[in-house]
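Enquirer: Sharing a structure with you now.
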Amino acid sequence: LAWVSWPGRDDPVYKPLVLLGVILLCSWGSCWFGGSPIWFFVAFFLLFSSMMRYFFKTSYILSPSDIQVVFLGMTKRKSWSIFKRFVSDRTAVLLSPFPSPSRLDSFRGIEVRFHRNREEVLAYVSRHLAPTREPDHNHG
């Protein structure tokens with residue numbers, strides 16, 4: 001099972017432009033309040049890098065043996081055997097190596113974003129892992 005998730009391309013054209021405008025406005029505000037142009041670049045780098053998964057595509061490949069996530073030319077490959085559970089929401093499924101909820105889930109796990117294939121992805125993941133029913137406050 002393979003697909004590409006690219007929210008910035010899939011959304012109406014005004015949404016990425018508005019987001020980029022907000023990033024530029026906040027960066028300019030940092031420059032103005034900080035009194036130095038360096039703050040513009042620091043703020044822009046921090047804000048834009050936090051939204052990179054929105055602006056750039058991420059490819060997912062789920063195979064019988066592992067999961068591959070390709071982002072900006074870098075591939076992260078993890079075996080199904082390391083994951084103990086998964087939690088899904090409207091936009092993604094979080095694969096966690098911990099048997100119960102942990103604060104480290106978002107650092108050690110993998111978030112797999114859907115792209116018009118939620119049911120298909122969840123069915124595939126369910127064949128490898130048991131779902132958990134828990135409130136997930138981090139992934140809305």
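Enquirer: With every protein chain kept in place and ligands, DNA and RNA left out, what is the accessible area per residue of the chain? Probe 1.4 Å, answer in Å². Working shown, then result.
Expert: Details: 8970 Å² over 140 residues.
That works out to 64 Å² for each residue.
Enquirer: Relative to the first principal axis of the alpha-carbon coordinates of the chain, what is the inclination of helix 38-50, with its axis defined by its Cα atoms, in degrees from 0 to 90 and to the nearest 10?
Expert: The helix 38-50 is inclined about 20 degrees to the chain.
Enquirer: Separate question: Evaluate the charge dipole of region 34-114 about its Cα centre and quote only its size in Debye, nearest 20, assuming +1 on the Cβ of each Lys and Arg and -1 on the Cβ of each Asp and Glu. Display every interim value, and only then the final one.
Expert: On the way: 11 positive and 4 negative charges, 31 e Å.
I would put it at about 140 debye.
Enquirer: Which residue, LEU62, LEU94, LEU72, has the most motion in a Gaussian network model of the chain that connects Cα atoms within less than 10 Å?
Expert: Fluctuation is largest for LEU72.
Enquirer: Let me ask something else. Amide H neighbours of ALA92 under 5 Å, counting only residues 5+ apart in sequence or on other chains, H built in-plane at 1.01 Å?
Expert: Hits under the 5 Å cutoff: PHE114.
Enquirer: Right, here's the next one. Summarise the accessible area of region 24-140 (1.4 Å probe, protein heavy atoms) by the percent that is carbon and sulfur.
Expert: Numbers: 4670 of 7590 Å².
Solvent-exposed carbon and sulfur of region 24-140 make up 62 percent of the total.
The values are calculated or read from the model by the stated rules, or taken from the named source; none is laboratory data. These figures come from a predicted structure and were not determined experimentally. Methodologically, a virtual Cβ is constructed for each residue, glycine included, from the backbone with ideal geometry; neighbour enumeration extends over all protein chains shown. Each accessible area value is taken on the protein alone, full model and side chains, heavy atoms only, with ligands, DNA and RNA left out. Shrake-Rupley method; radii C 1.70, N 1.55, O 1.52, S 1.80 Å.
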